[in-house]
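First the structure, in the form of structure tokens, and then the observations on it.
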Amino acid sequence: MPKFLNTRRAVSELEDLIRNANEKLILVSPYLKLSKDFKELLQYRNSKDKITTIIFGKQELNPDEMKFLQGLRFVILKFYDDLHAKCYLNDEIMIITSLNLYEFSMANNKEMGVLIKKDDQADATLYEEALREVEYINQNSKKFEVGGSKSSFSKSVFSKTPENIENNKLNTSNRTTGYCIRTRVEIPFNPERPLSYEAYQIWNQFGDIDYPERFCHYSGESSKGETSVRRPILYKNWHKSMGLSL
């Protein structure tokens, strides 16, 4: 059954939630000003090429926060204008709490929350219901680009971009086997379908064509986040994939 958390326990459990996250880590908080400990946890996860989605609701990011986030290739920032919820989840557990991802709140405010475990039969339904709400917020959030002194918003949609058109021109006659850009399992080579069925089911929950992935669809080598559904092949492999000599 859900576990009650006071301020101290909420911070501790949230640290463990981030530290122990496997594939999924979504952090929902209106305010975004990370403590040193939470920055270190995100840096550690980023070094393992694991993706973190952070959804926030207040536009004011100070220069230090911007600079830090710019350095994390595998962190996706998204903005939801009316966000007031605070919810943090990984593959196995979720914390719903009054606690913001805000250093002052963690050190000075009196907070409460509950911890929910997906594999606990008493919690499973609650976890799934809350997850659906988080997915709704995620799908309706705008991608927040951090760059230089400006930050901007964009919303991913499927369209015939130049990259898509280029994909359609690929010569696949000399290659029948490709790699899933998320798991590296072998799949038919098709830049328009660069995910395995299982990986697609997970990706399709949010449908972000610019979501950083791990591998090159053509070679199977690590892409360090430079591939996505929009761009499934590393730039250095484009000529090879099109059957052209360098």
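Below, the figures for the structure above:
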| read-out | value |
| --- | --- |
| Any pair with Cβ under 7 angstrom, 6 or more apart, that starts in the stretch 97-119 at a residue that is more than 23 Å from Lys24 (Cα to Cα) and in the same structural domain as Lys58 (by TED's automatic domain parsing) and ends at one that is outside any strand (DSSP E or B) and among the charged types (D, E, K, R) | Ser105/Glu111 |
| Strands (runs of 3 or more DSSP E) completely within the stretch 1-76 that count 1 or more residues being surrounded by fewer than 19 Cβ atoms within 10 Å (Cβ to Cβ) and of a type in the set (Lys, Arg) | 3-6 |
| Selection within the stretch 201-217 - surrounded by fewer than 16 Cβ atoms within 10 Å (Cβ to Cβ) and either modelled with pLDDT of 85 or more or outside any loop (DSSP other than H, G, I, E, B) (or both) | Gln201, Ile202, Asp210 |
| Members of the stretch 93-119 that are assigned to a strand (DSSP E or B) and modelled with pLDDT of 90 or more | Ile93, Met94, Ile95, Ile96, Thr97, Met112, Gly113, Val114, Leu115, Ile116, Lys117 |
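The values are calculated or read from the model by the stated rules, or taken from the named source; none is laboratory data. Please read these numbers as outputs of a predicted model, since none were measured by experiment. Reconstructed Cβ throughout: ideal geometry from the backbone, glycine too, with neighbour counts over all protein chains shown.
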